[in-house]
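The values are calculated or read from the model by the stated rules, or taken from the named source; none is laboratory data. Nothing here was measured: the structure is a model prediction, and the numbers come from that model. Here Cβ is always computed from backbone atoms with ideal geometry, including for glycine, and neighbour counts include all displayed protein chains.
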Amino acid sequence: MQTQIAPIEVPLVDNNGVIIGYSEKMLVHRRGLLHLAFSLMITRQGQKGTEFLLQRRASHKYHSGGLWTNTCCSHPLKHESIADAAKRRVNDELGVTAPLDIRNVAKIQYNHQLENGLYENEYNHLLLADVEDIKWNGNPDEVMDIRWWCGNEIQAALLSSPERFTAWFSEVFANVYHQDISGLS
């Protein structure tokens, strides 16, 4: 007897980020429905300034496989806070179990058409967690590489080869980087 896995439902939201219902995750991405998401960026101070922990998505992911992106991104489950969802997913994807002081620094909305007829139409909470250092153990079902990047290295890579990054990453990074250079992180 096979175990049935319940489909994951993500929160649908209005243009103000207010939850108006829930729908199955793949259906939401196929239809381009506006839904709630978060993007977590873990940072540390390095010799050349702030460093950002990025992950390269596993090549077999249902979209954006093999592309670099923020530390972790996903959707909260029903009755789960954004911070709790971020802690759950950074553990699932990177094996990070250390306590994180997560701050919600901005909210952005974007709509990107992806490969395979999918869309990322998200009301996205941008989260920051500053650490001195952190241990990770990438889940190969989720990520193929993880490393620290300096801010200027990311900016240069976004200019020279934006195709190496997820569709949403440049917007997420620009907003998070602005928080850092404004002295708010």
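Tabulated data for the structure shown
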quantity	calculated
Residue selected from the range 8-61 under the condition in contact with a Gly (Cβ under 8 Å, 6 or more places away or on another chain) and loosely packed, with under 13 Cβ neighbours inside 10 Å, by the criterion farthest from Tyr110 (Cα to Cα)	Gly49
Test for Glu132: is it closer than 20 Å to Tyr110 by Cα, out of contact with any helix residue (DSSP H, G or I) (no Cβ under 7 Å at 6 or more places or on another chain) and surrounded by fewer than 17 Cβ atoms within 10 Å (Cβ to Cβ)	no
Tally, over the range 62-88, of residues that are under 19 Å from Val28 (Cα atoms) and under 14 Å from the mean Cα position of the chain (by Cα)	9
Pairs with Cβ under 7 Å, 6+ apart, first in the range 153-175 and within 15 Å of Leu126 (Cα to Cα), second assigned to a helix (DSSP H, G or I)	Ser170/Leu158; Ser170/Pro162; Phe173/Ile154
Subset of the range 1-25 (residues that are modelled with pLDDT of 95 or more and hydrophobic (A, V, I, L, M, F, W, C))	Val10, Leu12, Val13, Val18, Ile19, Ile20
Leading residue by the ranking (nearest to Leu40 (Cα to Cα)) among those in the range 78-98 that are of a type in the set (Asp, Glu) and surrounded by fewer than 19 Cβ atoms within 10 Å (Cβ to Cβ)	Asp84
